[in-house]
There are 2 protein chains.
Amino acid sequence: MTDTKTKIQEEIKIQGDLVRKLKSEKADKSKIDDEVSKLLALKAKLNENDADAGDAGQGGKFVLKTPKGSRDYGPLQMSLRNGVLDKIIKVFRRHGAETIDTPVFELKEVLTGKYGEDSKLIYDLKDQGGEALSLRYDLTVPFARYLAMNKITNIKRYQIAKVYRRDNPAMTRGRYREFFQCDFDIAGQYDPMLPEVECLRVVVEILNSLELGKFVVKVNHRALLDAIFDAAGVPANMFRAICSSVDKLDKSPWDDVKKEMVEEKGLSAETADLIGTYVRQSGGVELLERLAADEAISKTKTGPGGIESLKLFLHYAELTGVSSYVSVDMSLARGLDYYTGLIYEAVLVGAEVGSVAGGGRYDGLVGLFDPKGKQVPCVGVSIGVERIFSVVEARAANGPKVRTTHVQVYVASAQKNLQDERLKLCALLWDANINVEQSYKKSPKLLAQLQHCEEQGVPLVVILGEDEIKRGVVKVRDVSSRSEQEVARDSLVDHLKQRLAQMQTIDS
Amino acid sequence: MTDTKTKIQEEIKIQGDLVRKLKSEKADKSKIDDEVSKLLALKAKLNENDADAGDAGQGGKFVLKTPKGSRDYGPLQMSLRNGVLDKIIKVFRRHGAETIDTPVFELKEVLTGKYGEDSKLIYDLKDQGGEALSLRYDLTVPFARYLAMNKITNIKRYQIAKVYRRDNPAMTRGRYREFFQCDFDIAGQYDPMLPEVECLRVVVEILNSLELGKFVVKVNHRALLDAIFDAAGVPANMFRAICSSVDKLDKSPWDDVKKEMVEEKGLSAETADLIGTYVRQSGGVELLERLAADEAISKTKTGPGGIESLKLFLHYAELTGVSSYVSVDMSLARGLDYYTGLIYEAVLVGAEVGSVAGGGRYDGLVGLFDPKGKQVPCVGVSIGVERIFSVVEARAANGPKVRTTHVQVYVASAQKNLQDERLKLCALLWDANINVEQSYKKSPKLLAQLQHCEEQGVPLVVILGEDEIKRGVVKVRDVSSRSEQEVARDSLVDHLKQRLAQMQTIDS
């Protein structure tokens, strides 16, 4: 490390000399700019090297930043984020879900073998003596661990928490290494498709309440996908690998997917083409009827059952008023290995953000954690809140100002040295559970105080002046209309509460 | 690692043989039990070794647990936790605070050099190529990093999030390696003691709203502590070290603290005794007057200023109606190095849980992150929510049943095969924003459905029967009184909304 550092420092010196020389020669500006940017790149490299070596503590400077792929949420982003989450939680509660919380890290073994080749993206903690730990990669595996550990055989729960993946971040598109997941799952041995349709209904209610525009919930069934592979002549041990190729159809054209199947996964061109004719179909009941009549599919072990399940699902979707949102889509495959039944994915129509919800049934996961392999069937959906945040943030940037505090009344003074009086008045209003703020300056200017209120969207100001104090009154100002009226201190609390109720301000 | 494993496996084999031998000999039961428990200990050791080596993925069994010092929160704990946090957030909002969020990890350098000897408790992430990262140790340092990075010179913010310390957990007393912090801080260049008194007011409002019983907020000032050390003859470079000895006075008797000062830190017995006479005093304004009149203190550089500050603080506390909660306590020192002014700590009177809030002014921390060392003065308090959770959990164990869902209405069926009708009715009520649940079984027993409602505290049940369906009515049952009444389906939504409003059920 130190060698690398010395080397970079030398390069910086040489490059710095070059820049100084060019400048003293008054060389061509674009030439200088080129060399300056090379210099800055070297300095950035040095900083990175320092960061990697962890030697900034020894007096080195370091870049002031959050770790790669992570971000701070400022007050505005928090307002938007909490607004989204509040609406989502309302729907979860409407459907009777409880919530749980699990640690940010798990024993490494809990995650081992659950994510296939994505396991390389797991963040491990350093071995500092003790247990081998990793940061959670999703909320589903910790949920399964929680169920097995506590021998819980049925629960309907939601969990909203951050998860961690050492992926290449594409932060402008709402993809981070630290990001929120927001899951709703129903665990328990129940009758077919009843939990599934409630998950669908939850997704529909959430996407409608967030007013994100038109959306479609694509559904498919792993049993039907397997039947297609079977009918096309794919060997059973290749089903999941081919599934993962099919999964790419939402981003890649069929030709690319076919190429992968043939060249990388070794299918014959005929088999791939046969799969292609099946998986490029979507529709409703009529599609299912067509597939039921397909001789090759009907001869498979899993096809007829998968079709029946999807039919029942569509029937229940109809009864609960959400069938118009559903499209049976044979190309929907979902990447994760652990799904065993119905799978879903919701996408906004005509938007570029990708899926905004997804999930499915996973009946085998909990059993992996139970010492006796006891299964707890589960089905769930994950709401793509990060993508939703980025849609909402983009929208807010062009909309009216979003408030970041809940202040209802600002206590201002019109003259100097009224700090004591202001404090007494604040205490009176805090005691009455009114959200109140004042300046932390002893003698703030009235104009500055009023401006603060206009900028922050505080609805009412109580203004103290010496004359008013003598007469036992205060002025109450409406910030948006700028009208003022005198109110007796004795009736101030009632007066404010009435006006705030009329204004329907954000409550605490 | 493999050597250790082989060794333990051999020991297990020997011990296993011994147990089998004793059993076959029908030896004394207590003797067998002893040897069996030794065997189990060895097996646990093997499991731990597997966990350390991370080789459970290779087929080894592992203990199903959360990492040392961490825990899951089940639905009941979440209800209690969210109840506590909601009350706290209400107070933060009443005082106009915004909220922010920062990543769970920071560049290692951000934390380096901020926590003195406690730095050894920081969790580091494994070097997987890229930046050196650590889990946050508190919320204050990330907050300071956030301010410096975004060049924010004033903000009033709260943040509630988990932090991580590789401490020896004492989980029964509410001490964990992963635990919540709940911070309220005011950053900005303001007039003396105005932000400080608002922090005090926030603590008092929170502790009162949580109804935890009687409490005292101890306060002191680092300038006055330094003056005492100065007056007693402690060299300036020893102030912080002696401060940390004084900090132990809440847990250890004076003799132990004195011993540490003399034997470990090298003070003379006379100097230590002199410190002892000062720091064992507490009181109000009268104590400050006495100290102001103390010749040795008044001659120090920082003493008179510290006393004036505390007097102003008490004056403002009086004006805001919270002075009765305050005690000036010369033994209050606070462990952290970064405090520079007023410090606080709230304790429950007669309870064994330790402090439930603490904080102080730290004017130098943000400057450590600014490239030009630009300072942003800050003062804040941290609410000891983990201790509060453990108090509330203990209380709930002896109180009435706590609800973990928000279900208002359960849709039940009196006969078999009414699943379709139940689903239609659920959809009707979900559309009306009523929190509704039904069974996921096609033909559940009526008694089982009603029992579920009683156990879960669901207030109302809508019961469907074939006869009622024909007549266009349903039965509505009040779960607690068990009274039932017939309601026309057309007016069901209005009827339920009215009854729920009267019942003031937990809303979504």
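Points worth noting:
- Condition check for B:LEU80 on (1) facing chain A (nearest Cβ under 8 Å); (2) in contact with an Asp or Glu (Cβ under 8 Å, 6 or more places away or on another chain): one failure, at (1).
- Among the candidates B:ALA187, B:ALA148, B:ALA161, B:ALA132, the residue that is touching a residue at least 12 places away in the same chain (Cβ under 8 Å), of a type in the set (A, V, I, L, M) and farther than 23 Å from A:VAL63 by Cβ is uniquely B:ALA161.
- Residue in region B:209-219 that is more than 18 Å from B:TYR339 (Cα to Cα), crowded, with 21+ Cβ neighbours inside 10 Å and within 14 Å of chain A (Cβ to nearest Cβ) present: no
- Looking at region A:422-508, the strands (runs of 3 or more DSSP E) lying wholly inside it that each contain 3 or more residues that are touching a residue at least 12 places away in the same chain (Cβ under 8 Å) and within 25 Å of B:ILE186 (Cα to Cα) sit at A:436-438, A:460-464.
- Extreme residue, farthest from the chain's Cα centre (by Cα), among residues of region A:415-473 that are more than 9 Å from chain B (Cβ to nearest Cβ), under 16 Å from A:THR405 (Cβ atoms) and charged (D, E, K, R): A:GLU454
- Failed item, numbered, when B:ALA432 is tested on (1) small (Gly, Ala, Ser); (2) surrounded by fewer than 18 Cβ atoms within 10 Å (Cβ to Cβ); (3) not assigned by TED's automatic domain parsing to the domain that holds B:ARG489: (3)
- Residues being under 17 Å from A:TYR410 (Cβ atoms) and more than 39 Å from the chain's Cα centre (by Cα) - total across region A:487-502: 5
- Strands (runs of 3 or more DSSP E) contained entirely in region B:86-188, each with at least 1 residues that are more than 10 Å from every other protein chain (Cβ to nearest Cβ): B:155-164, B:178-187
- When we screen B:VAL203, B:VAL234 for residues that are touching a residue at least 40 places away in the same chain (Cβ under 8 Å) and within 30 Å of A:LEU423 (Cα to Cα), the only hit is B:VAL203.
- The lone exception for B:VAL411 - which of (1) part of a helix (DSSP H, G or I); (2) within 12 Å of another protein chain (Cβ to nearest Cβ); (3) crowded, with 23+ Cβ neighbours inside 10 Å it fails: (1)
- A:PRO400 being surrounded by fewer than 23 Cβ atoms within 10 Å (Cβ to Cβ) and within 13 Å of chain B (Cβ to nearest Cβ): no
- Residue in region B:43-50 that is hydrophobic (A, V, I, L, M, F, W, C), closer than 30 Å to B:GLY380 by Cα and either modelled with pLDDT of 95 or more or surrounded by 15 or more Cβ atoms within 10 Å (Cβ to Cβ) (or both) present: no
- If the condition is being among the hydrophobic types (A, V, I, L, M, F, W, C), closer than 19 Å to A:ALA144 by Cβ and modelled with pLDDT of 95 or more, then region B:51-82 contributes only B:MET78.
- Hits in region B:388-414 - residues which are over 12 Å from B:VAL458 (Cβ atoms), out of contact with any Ser or Thr (no Cβ under 6 Å at 6 or more places or on another chain) and among the β-branched types (Val, Ile, Thr): B:ILE388, B:VAL391, B:VAL392
- Tally, over region A:484-499, of residues that are of a type in the set (Val, Ile, Thr) and more than 12 Å from A:LEU428 (Cα to Cα): 1
- Residue that is at pLDDT below 95 and surrounded by 17 or more Cβ atoms within 10 Å (Cβ to Cβ), where the choices are B:PRO169, B:PRO195: B:PRO169
- Leading residue by the ranking (farthest from the other protein chains (Cβ to nearest Cβ)) among those in region A:189-208 that are within 24 Å of A:ILE160 (Cβ to Cβ) and among the acidic types (Asp, Glu): A:GLU196
Yes/no per residue for (1) more than 14 Å from every other protein chain (Cβ to nearest Cβ); (2) within 30 Å of B:VAL110 (Cβ to Cβ); (3) surrounded by fewer than 21 Cβ atoms within 10 Å (Cβ to Cβ):
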position: B:GLU286; (1), (2), (3): yes, no, yes
position: B:LEU291; (1), (2), (3): yes, no, no
position: B:LYS301; (1), (2), (3): yes, no, yes
position: B:LEU314; (1), (2), (3): no, no, yes
position: B:GLY335; (1), (2), (3): yes, yes, yes
position: B:ALA351; (1), (2), (3): yes, no, yes
position: B:SER355; (1), (2), (3): yes, yes, yes
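The values are calculated or read from the model by the stated rules, or taken from the named source; none is laboratory data. The structure presented is a predicted model; accordingly, all values stated were derived computationally and were not measured. All Cβ positions, glycine included, derive from the backbone under ideal geometry; neighbour counts span all protein chains shown.
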